[in-house]
Each structure stands twice: as structure tokens, then as C-alpha cells.
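The values are calculated or read from the model by the stated rules, or taken from the named source; none is laboratory data. Every value quoted in this text rests on a predicted model; they were computed, and no experiment measured them. Cβ atoms come from the backbone with ideal geometry, glycine included; neighbour counts cover every protein chain shown. Side chains are part of the model used for accessible areas, which takes the heavy atoms of the whole protein and leaves out ligands, DNA and RNA. Shrake-Rupley method; radii C 1.70, N 1.55, O 1.52, S 1.80 Å.
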Amino acid sequence: MTRRGWALFLAMGVIWGVPYAMIRIAVEDLDPIVVAFGRTLIGGLLLLPIALYRDVLTPVLRRWRPLLLYTLVEITGPWFLIGYAETTLNSATVGLLIAAVPLIAVVIVTKLGHDRFDARRVTGLLVGFAGVAALVGLDIDLGNPAAIGAIGLTTIGYAVGPIIINRALADLPPLGVVTGSLLLAAAIYAPLAGWLWPSHITADSAWSVLGLAVICTAAAFLFFFALISEVGPARATVITYINPAVAILLGVMALDEPLTAGMAIGFPLVILGSILGTARSRGKSATDDPPVPTAPHAVAPLPER
């Protein structure tokens, strides 16, 4: 990998590990809907001039139905649900739970008939889900099932999104898909955000939403597209295994969240399970399977065009 590739790789590993801490700060004062609205609107507007200059929006908008479905399962639902969950759960815990997205994706892709379960894949799933069970059992107050359910729905959405991309939007420019979905999500959030808009916004919340929009959304996607061009989509998605570590580190160091036994046990198990569960079967080429999402922070990686 080139020096530029390493720089982009490390930047993306950090950028998509940071949002959980920012969301945690923002939802202390703002409703999760307001946070998600601010992030999608500002992020979409920042990408809009680039998308218009490259003329990549028109073909995307012609397929508004799959774009709408993708937006609902990949952005509108998950970004609200993550914010809701972080009103009660630690940011590090949420980041680690979402790292299980590749495991969910493997199950879905296999059930759709695009792959099969073999001993390695089954072992990976068992190990990964054991890590999730350790995290939930040791760290999370089971008296709040709604927050756990919110993250469960988020992981399913993040796993389904790339499948929609692969089946209905894969031939479209990725920048157009991202920009269109962000602006569409903002339009969906807008009525509720206006109703829930606070009379006062603290500086910490405002800066967190701005950071989510500018750094973790607009800049993140530009960096990610550059990383794909530099190292290819398969190597680019390895940032998944850095994101949870960054989320845990920031939660512990910046937000004074505890480093728990559940994290110590669950983190290596989830990562190891994801690596085993998503590794390609021997003898398969890189084009045999649909993409399995392995960079699950916001919008999952778009497939190579």
C-alpha cells in the first residue's frame, strides 16, 4: 500500500470511529431526530455542489424508488435509532455492537442463496455472536430492551443497504447515491425535526452535530471514495476493524465511559468472528459474491463500479 493509501486508511479508521462519541454528546441536549436531521442536511448540502459539478445526481434521481428504500434502511432509520440508543447506552458499547454488522450480512447473503455456510463461516458467526452476547450480558442493563432493539434494527438496516445497492443502484455513481440519499433523508426528517426543534442549543451539541455532518459524513465519503480508488474496495473495508477500537478509546478517554469486562471479552470476539465469517471461501473470485458490508458506520461501502 502506498503512503497515501495508508494515510487515507488511518484517516477513515478514525473518522468512522468518532461519530459514536459525537452522537452521545449531541443527544444529551437534542432529540435524536434533530441530530440526524442536522447531520444529513449539512452533509448533503456540502456534497451537493460536487455532485452537481460532476453531474451524478440526475441518473440517481431517475431511480428514486430503490434510492428511497436504501435511504430508509441505511440512513433514516439507523441514524435515528443510534441516537435513540445513545440516550441510555455508552457510545463505546453502541460502536462495538454495530461492529457485528458483517455477521448479520453473512446470514442474509447466505439465506438469499449467494453463498453457503461452511465450517469456517459457521465458526466465525458463533464466535462473533458470542462476543455480542458477552457485551450485552455483562455491560447492558437488560431493563431497557428498546435501546438494544434499536441497535439490533440498525445492524439489520446496515446489512441490507449494500444488498439494495448491489441489486438496484450498483451501476450509478457512488457520490450521486450518497448525496441523493442524504438530502432525501433530511427531507424525511424535516417535519419531525421542526416540531422537536429546541428553544436553545448548547455549544457542545451544536459543535457535535457540525462535526458529524462535516467530518463524519461529507469529508468521510470523499476520503472513502479516494481510499477505494487507491487500494480497491476489498482492502478499503478493513477499516471496520479499526472503527470499534476508536469508538471504545474515545468513549473511555473523552467521555469517561468505563472500560468494562464486556468490552474486553466482546471486542476481540466480535472482530475475530467478523474476519472469519466474512472471509471468502477458497477458490472463489472477488466477483463471485455480492458485497458484504464491512464498514458499517454510516452508509456501508458502495460496491466497485
Pairs returned, first residue in segment 64-85 that is closer than 24 Å to Ile23 by Cβ, second residue that is surrounded by fewer than 22 Cβ atoms within 10 Å (Cβ to Cβ) and among the basic types (Lys, Arg), beta-carbon separation under 7 angstrom, 6 or more apart or interchain, are none
Report whether or not Ile148 is open to solvent by 30 Å² or more (accessible area, probe 1.4 Å), within 17 Å of the chain's Cα centre (by Cα), of a type in the set (A, V, I, L, M, F, W, C) and modelled with pLDDT under 95.
yes
From the list Pro102, Pro66, Pro162, Pro173, which one is within 22 Å of Phe267 (Cβ to Cβ) and of a type outside the set (Phe, Trp, Tyr)?
Pro102
Among the residues that make up segment 161-175, is at least one of them among the charged types (D, E, K, R), out of contact with any Ser or Thr (no Cβ under 9 Å at 6 or more places or on another chain) and not in a helix (DSSP H, G or I)?
yes
I'm trying to understand the selection: among the residues of segment 151-172, which are buried (at least 20 other Cβ atoms within 10 Å of the Cβ) and more than 18 Å from the chain's Cα centre (by Cα)?
Leu169, Leu172
Does segment 99-113 hold any residues that are open to solvent by 10 Å² or more (accessible area, probe 1.4 Å), out of contact with any helix residue (DSSP H, G or I) (no Cβ under 6 Å at 6 or more places or on another chain) and hydrophobic (A, V, I, L, M, F, W, C), and which are they?
Val107, Leu112
